[in-house]
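Shown next, in structure tokens, is the structure this report addresses.
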Amino acid sequence: MKHSVRGWLARYGLFLLLMILLLALWEWIVCMGWVPSFIIPAPTAIVRSLYEHHHLLLATHLPATLMEVVVGFGLSIGAGIAFATGMHMNRSIEKALYPFIVISQTIPLIALSPVFILWFGYTLWSKVAVVFLIAFFPIVVSTYDGLRQGDPEQRELLLTMGATKWDIFRKLQIPLALPSFFSGLKMSVVYCVVGATIGEWLGGSKGLGYFSRRMSSNMNTDAMFAAIMLLSLLGIALFVLIAWMERRFGTPRHAGRRKAG
């Protein structure tokens with residue numbers, strides 16, 4: 001236990017120290033009146049506002065945003081894996097679809113959000129569509145690039161042993177693609193929180209983005225920053241979850257044997 005605590009402090013100690021110093025400096029600047037509190041509230045005021053609105057934020061708005069993120073992220077994973085696998089297995093599919101995937105990221109989300117509201121209304125799915133569009137690209141590109149990183153020597157060895165194309169894909173290419181796949185997931189899950197917030201800002205009746213927009217219009221910056229802090233913590237928690245899954249499932253077994261040797 002002591003070794004794990006020491007290792008954790010060795011890894012994140014400097015970050016925590018810098019964070020504490022920045023928060024103390026922020027608090028001091030606001031308390032001295034150098035920055036008006038209605039522009040940037042003090043950290044203690046944000047925490048106090050979070051406590052005052054904790055029931056509304058944690059029971060209503062946070063679950064709504066989390067639902068949008070989870071649904072959009074899940075759909076992005078399924079579609080991203082399917083598209084990446086199809087493009088990897090069939091060159092014609094790659095030539096036909098890859099340009100459309102790139103083009104989908106050149107359209108500003110701020111312009112597409114009203115279109116999604118027109119199609120789906122002020123429902124969960126208008127926000128999910130924004131989350132899906134912003135999260136899909138990193139997953140499909142990273143997965144596709146990972147599948148292309150197969151070792152030619154190992155592939156030839158499996159072929160000489162009578163392995164089929166499906167055997168090579170399952171036993172060689174998928175394990176080698178896992179690091180790239182999880183890198184895409186870590187980028188994507190953070191973008192999901194951004195996409196959900198954009199969707200709620202432009203058309204929503206609940207969620208942390210909706211709450212922050214409403215507090216901004218009321219000039220309640222303490223509550224607005226409390227919602228922003230929760231959004232940041234949500235993104236960090238989801239990133240840490242994916243990082244844990246990467247450590248648990250993302251290391252190819254043959255890589256571990258090479259490292260051990």
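The values are calculated or read from the model by the stated rules, or taken from the named source; none is laboratory data. Treat the numbers as computed from the prediction; the structure is a model and nothing was measured. Quick reminder, even Gly has a Cβ in these numbers, built from the backbone with ideal geometry, and neighbours come from all protein chains shown. SASA here: full protein model, heavy atoms, side chains in, ligands and nucleic acids out. Shrake-Rupley method; radii C 1.70, N 1.55, O 1.52, S 1.80 Å.
Can you compute the modelled spin-label distance between residue 111 and residue 206, with each label point 7 Å from Cα toward Cβ, in nm?
Going from the residue 111 label point to the residue 206 one covers 3.4 nm.
If R₀ is 25 angstrom, what is the calculated FRET efficiency for the pair residue 145 and residue 236, using the beta carbon separation as r and rounding to 0.05?
0.45
Largest first and to the nearest Å, give the Cα extent of the chain along each principal axis.
Cα spread of the chain along its principal axes, largest to smallest: 74, 55, 30 Å.
With every protein chain present, what is the per residue accessible area of the chain (1.4 Å probe, Å²)? Don't jump to the answer; show the numbers that get you there.
Details: 15520 Å² over 261 residues.
Counting only protein heavy atoms, the per-residue value for the chain is 59 Å².
From the Cα gyration tensor of region 21-118, with a ≥ b ≥ c the square roots of its eigenvalues, which class applies: rounded if a/c is under 1.5, or else prolate if a/b is larger than b/c, or else oblate? Present the calculation step by step, with values, prior to reporting the outcome.
On the way: a/c = 3.02, a/b = 2.39, b/c = 1.26.
Prolate.
Nearest 500 deg cm²/dmol is fine: what mean residue ellipticity at 222 nm does the chain get from its DSSP H runs of n ≥ 4 alone, each adding -39,500 (n - 2.57), divided by its residue count?
On the way: 12 runs with 206 residues, N = 261.
The per-residue figure over the chain is -26500 deg cm²/dmol.
Carbon and sulfur atoms: what percent of the 1.4 Å accessible area of the chain do they account for?
For the chain, the apolar C and S fraction of the accessible surface comes to 70 percent.
Assuming 0.36 nm per residue, please report the length gained on full extension of the stretch residue 32 to residue 217 beyond their Cα-Cα distance.
64.0 nm is the gain from fully extending residue 32 to residue 217.
Only helices at least 20 Å long along their axis, Cα-based, and averaging 0.5 or more on Kyte-Doolittle count here, so list those DSSP H runs from the chain.
2-31, 62-89, 124-147, 174-202, 221-249
For residue 97 and residue 52 in the same chain, what is the full-extension length gain: residue separation times 0.36 nm, less their Cα-Cα distance, in nm?
11.3 nm
Residue farthest toward the positive end of the dipole of the chain, with Cβ of Lys/Arg at +1 and Asp/Glu at -1: which of 124, 67, 228?
67
Given R₀ = 30 Å, what would the calculated FRET efficiency be for residue 248 paired with residue 104, taking r from the Cβ atoms and rounding to 0.05?
0.45
So how exposed is residue 49, as accessible area in Å² (1.4 Å probe, rounded to 10)?
Around 10 Å² of this residue is reachable by solvent.
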